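Before any comments, here is the structure.
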Amino acid sequence: MTLRPGRVTRIHKHDGTGIDRSDNPFPVYKFWRKPGLIVAHRPALESGYTYQIREIYPQWGIGVSTCVKDDKPIKHPRLKFDYYVDLVKVWEDQEYIYIEDMYVDVLIYERNYYHVIDLEEFGEAVYQHNISLAEATRVMDNTQKFVDAIKRSKLSYQFWKQKYGRNYRHNRN
């Protein structure tokens, strides 16, 4: 599969490394999988926190990022959100797990509100045929399903994770 420039992060399955969207290598501090869930700990992307936990739910088409400092989750130091949710496409081969950013993002302010962002970037990608109409439909469906589920979870990612998370196929309501 051809990688879209600047959109795909790769996590090596065996050697504790990854390659970011800009083709720069990074260490993966911890990595594990369960059915329906891929988790990786990677370095912070900006100052104010130590590392980031990335929880990827392939069936939902989302990747959830949490900032961590002193081994405790914290709000993002600059933007003050609790969780950053990327709408993603996930696939793998023998060596790597590929996580493609599909433009749309959701910021979650735990038990308070959520904010969908980057829809203009998504619309531009569709208009310029950078993503197919089938992919665009899947991203919008996944966005709506996630937003509906997070609202049913009292705007709490922690509740969502317990109720839906990796058990998506069993909890579609």
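Quick rundown of the values:
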| read-out | value |
| --- | --- |
| Which labelled figure in (i) 10, 38, 39, 13, 0; (ii) 9, 35, 36, 17, 3, 0; (iii) 10, 34, 30, 18, 8, 1 is P(r) over Cα pairs in 10 Å bins from 0, in percent, once derived from the coordinates | (i) |
| Full-stretch length increase - residue 148, residue 119 - with 0.36 nm per residue and alpha-carbon distance subtracted | 8.7 nm |
| Set of aspartates and glutamates near residue 161 by C-alpha distance (under 12 Å), chain-local residues within fewer than 8 positions excluded | 55 |
| Gain in span if fully extended, residue 129 to residue 78, counting 0.36 nm per residue against the direct Cα distance | 15.1 nm |
| Linear extension gain, residue 95 paired with residue 32, 0.36 nm per residue minus alpha-carbon span | 21.2 nm |
| Computed [θ] at 222 nm, helices only, for the chain once each DSSP H run of length n ≥ 4 contributes -39500 (n - 2.57) | -6500 deg cm²/dmol |
| 18 Å Cα cut-off, lysine pairs counted over segment 1-140 (separation 8 or more, or different chains) | 8 |
| Segment 18-169: relative contact order as a whole-number percent, Cα under 8 Å and 6+ apart | 15 |
| Sulfur and carbon atoms: percent of accessible area, segment 1-155 [1.4 Å] | 53 |
| Solvent-accessible area per residue for segment 84-149 (1.4 angstrom probe, square angstrom) | 51 |
| Solvent-accessible area per residue for segment 1-68 (1.4 angstrom probe, square angstrom) | 48 |
| Estimated FRET transfer efficiency when R0 is 45 angstrom, pair residue 4-residue 162 (beta carbons, to 0.05) | 0.85 |
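The values are calculated or read from the model by the stated rules, or taken from the named source; none is laboratory data. In this text, all values refer to a predicted model and were calculated from it rather than measured experimentally. No Cβ is skipped: glycine too gets one built from the backbone with ideal geometry, and neighbour counts run over all protein chains shown. Areas reflect the complete protein model, heavy atoms only, side chains present, ligands, DNA and RNA absent. Shrake-Rupley method; radii C 1.70, N 1.55, O 1.52, S 1.80 Å.
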